[in-house]
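Data block below; observations after.
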């Protein structure tokens, strides 16, 4: 199994192959190299940004062809990986809520 194939398995959704190649390049990985269990953390970490980008578009259609992805499943997977690898930026973007500190200007 190559690193690219492992990446796609960990990603769990179908995405454009160019997006996968770019994510691997950004992570400093050669997609054609053989995958080993020692690479698990590196490959999993490299899926986080692509998952985060993909969560915005859950369905696509062109002519008679259409695809859809389970947004909740993608979000759950993304939150799991973000917590596992300490990606506070992703956690904050997906879990933060609006807090009003000073209501004097609202009245």
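You will find that of 47, 58, the residue that is in contact with a helix residue (DSSP H, G or I) (Cβ under 7 Å, 6 or more places away or on another chain) and at pLDDT 80 or above is 47 and no other.
Scanning segment 2-42 for residues that are modelled with pLDDT of 90 or more, in contact with a helix residue (DSSP H, G or I) (Cβ under 8 Å, 6 or more places away or on another chain) and outside any helix (DSSP H, G or I) yields 27, 29, 30, 31, 32, 33, 34, 35. Taking segment 30-54 as the range and being in contact with a strand residue (DSSP E or B) (Cβ under 8 Å, 6 or more places away or on another chain) and surrounded by fewer than 16 Cβ atoms within 10 Å (Cβ to Cβ) as the test, the residues that pass are 32, 33, 34.
The values are calculated or read from the model by the stated rules, or taken from the named source; none is laboratory data. All values derive from a computational prediction rather than experimental measurement. As a convention, Cβ positions derive from the backbone with ideal geometry for all residues, glycine included, and neighbour counts pool all protein chains shown.
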